[in-house]
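Remarks on the structure that follows.
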Amino acid sequence: MNINRNFIQLSSTVLIMVFVLVRANAQQTNTTQKPNVLFIVVDDLGYADLSVMGSNYYETPIIDNIAKSGCIFTNGYAASAVCSPARASLMTGQFTARHGITQYEGAKTGQDWKNLNRHTKLLPPEFKLHLDSSAITLPEVFKEQGYLTFFAGKWHLGGKEQNSLPTNHGFDINQGGNEHGGPVGGFFSPFNNPNLENKPEEKGMNLSMKLANETSKFIRANKDSSFLAYLSFYAVHAPIQTTKEKWTKYRNKAEKMGIHQTGFEMERILPVRKYQDNPVYAGLIEQVDEAVGSVIKTLKDLKLDKNTIIIFTSDNGGVTSGDNYSTNQLSLRGGKGYQWEGGIRVPYFIYVPWLYNAEKNIDVPVSGVDLFPTLLELSGIPLQPQAHLDGVSLVPLLKGGNIEPRPLYWHYPHYGNQGGEPSSIIRKGEWKLIYYWEDHHAELYNIEKDINERDDVANSNENLVLEMKNELLQWLDSMDTHYAVIDPNWDEAAFKKKLDDNKTLLLPKLEAQRKEMLSPDWKPNSNWWGSQNEN
């Protein structure tokens, strides 16, 4: 009996040693090969717009699996509350005040802004209109290391006239990237995109699947080469669209969960959506999930999934106000364009297939600027500190270690279409300070205790406010950035009337639209935005 027990113990020890050696060999094998990178960005996808991040309404099993298989950064941030600045930060590893793109491409400034009858106290400053040709970008570095580089989807960092398409900044191939911030032709074929070919057999196909198919086509054609595939969905940006089938599914789900009598409430400037109950938006999210799944399947079919790093994130928070008033961010205040967590905190997942013991949930605050150096280190490429000046590699965190504490910065001296106010932000440890440019007051929140930012503790922490404000303003001055200026002819009465109209006219209009969309017989148009493939 003792002999049998000893034999079993010996056999178990041998099996464990073999298992360890196999894993070590797998890790060693990977270090001798260049890993591939699949970088996924979903436009306007909020922190709470995935089931893995707490939504009981949206269904995203494929994306959820990426998160669960990899690492979830629970304090993951976009570098801006709006698209172009955050996208430039992903490309450069620099905060917005440094690279100079502080507002979305196409936004008005100065007197041109005033001519839109916005009636704001400040006039927004000029900003860089496209990605600077001198900037060293993520794809350029990968290309120099022998990678094939591919871009599909939303670019919004310049166009052909500015020599600022994806192919001008390090991508070998561009499918659909241009200067536009939304899908000009809508979310169903034909897409009316000069950089994306329409095929007759694709009639009725949704744009997310089209971009996924082009990405898979690139991967299959280059399966024997190292590649960086950057899949940047136009979804879930306005105008939100989905199929009748998906609308029906989520309309019925909303009814089953219980449709609230009212769906909006006032924030400071605009109404905000109170619940996740928009069936069109839910269908659009599911279309993205299915598209991601098709690319993941391609990787698995080609046996590339074990050597492909996957990044999944968004360029800013979900749209709770403005545009299509699409979603709600649950415990987070605000959404896209706002200075609160709902505007800047985003899904932030990193999957590295050979990091078997990688941390599953990391609560260290990180930014989109960090993905550039992180991917370099994971791919065995030397860091480029002269390029990604503000980003740091997160590999130590992935391996269970630490990174040096540092502040994160945001600079948005503009007014957001969604109700955001000109402000700059510093996040340092558990503290977040928002500095408002209209009247130079500050809000202070302990994010670890007050994630929904309802308890401004600035008055009871005057020394900390002064310290953080000085650190923020000194940093901004060192960036030589631009600031909004007071409109000497500001019409305060007109501004107050606009606020009153938002409450008395806009809010009831939104309530009526929501009620109509959730009614059983709702129909947006004759062919559901072109999704019904009729001959």
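The values are calculated or read from the model by the stated rules, or taken from the named source; none is laboratory data. Worth saying up front: this structure is predicted, and the values here are computed from it rather than measured. Note: ideal-geometry Cβ built from the backbone for every residue, glycine included; neighbour counts use all protein chains shown. To get the accessible areas, we keep the full protein, side chains included, count just its heavy atoms, and leave off ligands, DNA and RNA. Shrake-Rupley method; radii C 1.70, N 1.55, O 1.52, S 1.80 Å.
A few notes on this one:
- Working note: Cα gyration tensor of segment 43-116, eigenvalues times five, square-rooted, sorted largest first, giving semi-axes of 32, 16, 9 Å.
- Hull volume in cubic angstrom per residue (convex hull over the Cα atoms of segment 438-497): 142
- Nearest 10 degrees, 0 to 90: helix 244-257 Cα axis against the chain principal axis: 80
- Pairs of Cα atoms nearer than 8 Å and 6+ residues apart set the relative contact order; for segment 54-138 it is 23 percent.
- Dimensions (Å) - segment 80-129, Cα atoms, principal axes, largest first: 35, 16, 15
- 3J(HN,Hα) along segment 111-127, derived from phi through the Karplus expression 6.51 cos²θ - 1.76 cosθ + 1.60 where θ = phi - 60°, amounts to 5, 4, 5, 4, 5, 7, 6, 7, 6, 8, 5, 10, 9, x, x, 5, 8 Hz, with x in place of Gly and Pro.
- Kirkwood Rh and Cα Rg combined as Rg/Rh, segment 343-476: 1.01
- Over 18 Å [Cα-Cα, segment 446-535], rounded percent: 77
- Across segment 360-366, computed HN-Hα scalar couplings (Karplus, 6.51 cos²θ - 1.76 cosθ + 1.60, θ = phi - 60°) run 8, 9, 10, 9, 5, x, 9 Hz from first to last residue, x flagging Gly and Pro.
- Per residue, the accessible area of segment 388-445 comes to 32 Å², computed with a 1.4 Å probe over protein heavy atoms only.
- Acute angle (nearest 10 degrees) that the helix 279-301 long axis makes with the longest principal axis of the chain, alpha-carbon atoms: 20
- Accessible surface for HIS411 stands near 10 Å², nearest 10, in the context of the full protein assembly shown (1.4 Å probe).
- Rounded to 10°, Cα long-axis angle of helix 2-31 versus longest principal axis of the chain: 50
- Carbon + sulfur, % of accessible area of segment 182-240 - ligands and nucleic acids excluded, 1.4 Å: 50
- Kirkwood-based shape ratio for segment 291-422, expressed as Rg/Rh from alpha carbons: 1.01
- Evaluated at q = 0.12, 0.13, 0.14, 0.22 Å⁻¹, a Debye calculation over the C-alpha positions of segment 76-190 (equal weights, vacuum) places log10 I(q)/I(0) at -0.47, -0.55, -0.63, -1.26.
- Computed over segment 234-300, Cα set: Rg, Dmax in Å: 14.8, 48
- Taking amide H as placed 1.01 Å from N in the peptide plane, LEU122 has its amide H under 5 Å from the amide H of ASP487, each at least 5 places away in sequence or on another chain.
- Taking a Cβ cut-off of under 12 Å around VAL82, the surrounding Lys, Arg, Asp and Glu residues balance to a net charge of -3, with basic ones at +1 and acidic ones at -1.
- Cross-link pairs beyond the 27 Å C-alpha cut-off, checked among LYS274/LYS297; LYS154/LYS246; LYS114/LYS336: LYS274/LYS297
- Full-stretch length increase - ASN533, VAL364 - with 0.36 nm per residue and alpha-carbon distance subtracted: 56.1 nm
- Taking segment 151-279 and dividing mean pair separation by its residue count, relative contact order in percent (alpha carbons under 8 Å, at least six apart): 22
- Cα gyration tensor of segment 117-173 - equivalent ellipsoid semi-axes, whole Å, descending: 31, 12, 10
- 1.4 Å probe accessible area per residue over segment 101-256, in Å²: 42
- Temperature 37 °C, viscosity 0.692 mPa s: under these conditions the Stokes-Einstein estimate for segment 165-285, based on its Kirkwood radius over C-alpha pairs, is 195 µm² per second.
- Applying a threshold of 27 Å to the alpha-carbon distances of LYS244/LYS498; LYS128/LYS469; LYS256/LYS523 flags LYS244/LYS498 as lying beyond it.
- Per-residue surface analysis assigns ARG268 an accessible area of about 90 Å², computed on protein heavy atoms at 1.4 Å probe radius.
- Applying 0.36 nm per residue to the separation of MET257 and LEU389 and subtracting their alpha-carbon distance, the gain on full extension is 42.8 nm.
- Peptides ranked, highest mean first, by Cβ atoms within 10 Å: ranges 92-105, 355-368, 396-409, 206-219: 92-105, 206-219, 355-368, 396-409
- With contacts taken as Cα pairs under 8 Å at a separation of at least 6 residues, the chain carries a relative contact order of 23 percent.
- Of the cross-linked pairs LYS160/LYS223; LYS108/LYS428; LYS217/LYS399; LYS143/LYS199; LYS34/LYS68; LYS300/LYS399, those separated by over 27 Å at the C-alpha level are LYS160/LYS223; LYS108/LYS428; LYS217/LYS399; LYS143/LYS199.
- Recomputing volume of the Cα convex hull per residue in Å³ from the coordinates shown identifies the correct label among (i) 140; (ii) 190; (iii) 169 as (ii).
- Computed extension length for ASP456-ARG406: 15.7 nm, one decimal, from 0.36 nm per residue of separation with the Cα-Cα distance subtracted.
- D (Stokes-Einstein, µm²/s), Kirkwood Cα radius, segment 214-361, 1.306 mPa s at 10 °C: 90
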